[in-house]
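Below is one structure, written out as structure tokens; the observations come after it.
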Amino acid sequence: MRSFSVAGLLALLALCMTPAVSGAREHLQVFVTQPYLELHTGAGRGYPVFNVVPRDESVQVLFRRTEWFKVRTERGVEGWASQRDMLKTVLADGSPFTFDLGDRSGFTSHRYEIGMFAGAWGGATLISGYSSYSFNSQLALEGALGQYLGKFSNGVTADIGLTHVLVPEWRLSPFLMIGTGLVHIEPKATLVQPSVRTEQTAYVGAGVRFYLTRRFFLRAEFKSHYIFTNRNQNEEADEWKMGFAFFF
Amino acid sequence: MENGIRVLLLTVALAALSGCASVRNWYHHREEVKDAQAQAREDARQAEQSPDDDTAPRVVEPQVERRKIKVPKIRSTNVELGLDYGALSIEDFGTNPSYGATLAYHVTEDFFFQGEYGRSKGGRTSFETLGGNIQLLTPAERRFTYYDLSLGYNFLPGEAFLGRGHALTSAFYVLGGIGSTDFAGDNKFTVNFGAGYRVLPSDWLAIHITVQDRVFQSDLLGVTKLTNNIEMRVGTTVFF
């Protein structure tokens with residue numbers, strides 16, 4: 001079983017390497033309009049400038065990593081150009097080269113979010129992660145996975161639902177959530193009824209997000225879960241959590 | 001009280017989720033629709049009149065196919081996935097080989113999010129070794145499985161030189177985060193912190209050396225204490 005999972009991971013790795021290795025693809029060509037475009041030796045602000053591309057010459061954009069673009073000049077020199085410098089280049093038809101920047105406007109309106117949280121689920125310590133897909137600047141489909149570790153039971157939670165950001169333009173903006181999910185409860189052996197069970201849940205909640213810098217924001221939220229059990233009474237659990245997230 | 005909050009939240013959520021986005025500017029929207037309809041009527045009238053135009057009919061109908069210009073997309077390579085192998089020192093249970101996988105997303109040139117998953121196995125405590133036939137844990141309970149969600153910060157970025165001709169970009173980084181450890185039949189909330197060195201032989205390949213400490217509370221040996229479980233590992237990752 002172990003060797004199987006290791007082999008699986010290796011296969012996955014090999015799959016992921018294929019696009020990185022295959023080089024035959026068409027690249028975007030942009031033209032320098034400033035006096036020159038600086039090329040750095042690495043994707044970071046401290047790496048030295050080793051080459052410049054003069055005005056009206058073009059570069060091919062090979063790929064992007066964080067705020068840096070790997071480019072190839074007409075003479076075949078490859079180097080890294082910063083996002084700030086690339087904003088001043090133009091496409092072949094003269095229109096400016098635009099791309100998503102990861103700034104305040106990106107915070108207002110973006111496609112994906114990923115984040116991680118620490119908090120409490122029904123009184124137990126919670127570790128959780130989420131990702132979301134935004135339909136527009138206000139409405140997003142969101143999935144969250146969490147593990148809670150308590151004195152009397154451990155468990156795993158999975159939620160899927162909709163999130164509605166009330167005023168996306170605000171730096172500190174509230175949002176509302178509604179959705180459904182599953183909770184897998186593993187009571188510790190010391191309890192009277194130590195039955196492992198998986199139950200369906202429904203939740204409603206609210207939270208706030210606060211833009212920090214670049215692509216980062218803080219997020220804090222409260223969810224009120226209703227757990228549908230097959231016993232006489234349904235259960236309730238409150239979830240509080242706070243964490244970091246980024247958008248892209 | 002609890003139910004009160006729930007009902008209130010539910011009502012507000014239902015009211016808001018129905019799509020404030022589409023409800024916004026509804027008044028202006030209606031005016032826009034009116035304008036568009038008026039424009040359409042005008043266009044239709046003009047189209048009816050057009051046969052009476054005295055412009056000469058075209059002799060040759062130009063059949064120019066517009067060239068569709070496809071702007072190539074720029075590939076983002078912010079995700080880093082890899083495997084690692086190393087040694088994990090489990091407090092009181094000796095040092096044992098460990099292996100795992102990491103998945104990272106580089107958000108900016110400085111910060112990255114990282115998820116780690118790894119496995120190892122606890123050895124025998126000195127108590128068990130000295131006590132002869134005593135077994136504190138079953139073989140299944142000795143399995144040490146962890147996962148973490150961490151935030152990393154690249155500091156001291158630089159270049160490593162291989163002779164005169166090659167420079168490889170590199171960086172030291174620090175990591176910190178939370179996660180869970182499954183050991184001795186229980187899941188423990190785990191805080192981790194560590195540091196590492198990453199060197200990139202090519203744009204898509206990286207080699208890592210990481211030292212990470214996983215701290216969790218354990219009462220396995222009678223007293224509740226914080227245990228430090230330090231792991232050193234070497235890994236290779238690919239960017240895509």
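FYI, it's all coordinate maths here, none of it is from the lab. If you're wondering where the values come from, they're calculated on a predicted model, not measured in any experiment. Neighbour counts are summed over all protein chains in view; Cβ atoms, including those assigned to glycine, are modelled from backbone coordinates with ideal geometry.
A Förster radius of 35 Å combined with the Cβ-Cβ distance from A:E26 to B:V211 puts the calculated FRET efficiency at roughly 0.25. Residues whose amide H falls under 5 Å from that of A:S153, counting only those 5 or more places apart or on a different chain, are A:K188, with hydrogens built in the peptide plane.
What FRET efficiency do you get for B:F127 and B:M232 if R0 is 22 Å and r is their Cβ-Cβ distance, rounded to the nearest 0.05? With a Förster radius of 22 Å, E is 0.30.
The calculated FRET efficiency for B:F155 paired with A:V77, based on their beta-carbon distance and R0 = 25 Å, is about 0.30. Listed values for region A:40-49 are Karplus-derived 3J(HN,Hα) couplings in whole Hz (6.51 cos²θ - 1.76 cosθ + 1.60, θ = phi - 60°), namely 9, 7, x, 8, x, 5, x, 5, x, 7, and x replaces Gly and Pro. Sorting the segments B:70-77, A:116-123 by their mean number of nearby beta carbons within 10 angstrom, highest to lowest, gives A:116-123, B:70-77. Near A:R64, once Lys and Arg are set to +1 and Asp and Glu to -1 for all other residues with Cβ below 12 Å from its Cβ, the sum equals 0.
Taking each residue in A:153-162, count the Cβ atoms of any other chain within 10 Å of its Cβ, then average. What number comes out?
Taking the mean over all residues of the peptide, I get 1.
Across peptide A:58-71, the mean count of Cβ atoms from other chains lying within 10 Å of each residue's own Cβ comes to 4. Counting only other chain Cβ atoms within 10 Å of each residue's Cβ, the peptide B:103-110 averages 6. Compared with the dominant Cα axis of chain A, that is its longest principal axis, helix A:2-21 is turned about 30°.
Here region B:66-203 is treated with +1 on each Lys and Arg Cβ and -1 on each Asp and Glu Cβ, and its dipole about the Cα centre works out to around 1100 debye.
A straight chain from A:Q233 to A:S105 at 0.36 nm per residue would run longer than the Cα-Cα distance by 41.4 nm.
Per-residue Karplus couplings for region A:200-212, computed as 6.51 cos²θ - 1.76 cosθ + 1.60 with θ equal to phi - 60°, are listed in order as 8, 10, 9, 9, 9, x, 8, x, 10, 10, 9, 6, 8 Hz, Gly and Pro entered as x. In sequence order, region B:221-227 has phi-based couplings of 9, x, 10, 7, 8, 7, 9 Hz under the Karplus curve 6.51 cos²θ - 1.76 cosθ + 1.60, θ = phi - 60°, and Gly or Pro positions carry x. Counting only aspartates and glutamates at least 8 places from A:K151 when in the same chain, those with an alpha carbon closer than 17 Å to its own are A:E186, A:D238, A:E239, B:D182, B:D186, B:D219. Computed packing ranks the peptides B:36-43, A:159-166, A:108-115 as A:159-166, A:108-115, B:36-43, most packed first, by mean other Cβ atoms within 10 Å.
What does the convex hull of the alpha-carbon atoms of region B:79-239 project to on average, in nm²? Could the numbers behind the result be given before it?
Working: hull surface 41.1 nm².
That works out to 10.3 nm².
Given A:K70/B:K68; A:K223/B:K225; A:K188/B:K121, which pairs have Cα atoms separated by over 28 Å?
A:K223/B:K225
Neighbour counts of C-beta atoms inside 10 Å place B:F193, A:F69 in the sequence B:F193, A:F69, starting with the fewest. The Rg/Rh ratio of the protein assembly as shown, with both radii computed over alpha carbons and Rh defined as the Kirkwood radius, is 1.07. Amide H contacts of A:G122: A:D238, A:E239, A:W240, each under 5 Å away and 5 or more positions distant or on a separate chain (H built 1.01 Å from N in the peptide plane; Pro and chain starts excluded). Taking other C-beta atoms within 10 angstrom as a stand-in for reagent exposure, A:V183, A:V196 fall in the order A:V196, A:V183, fewest first.
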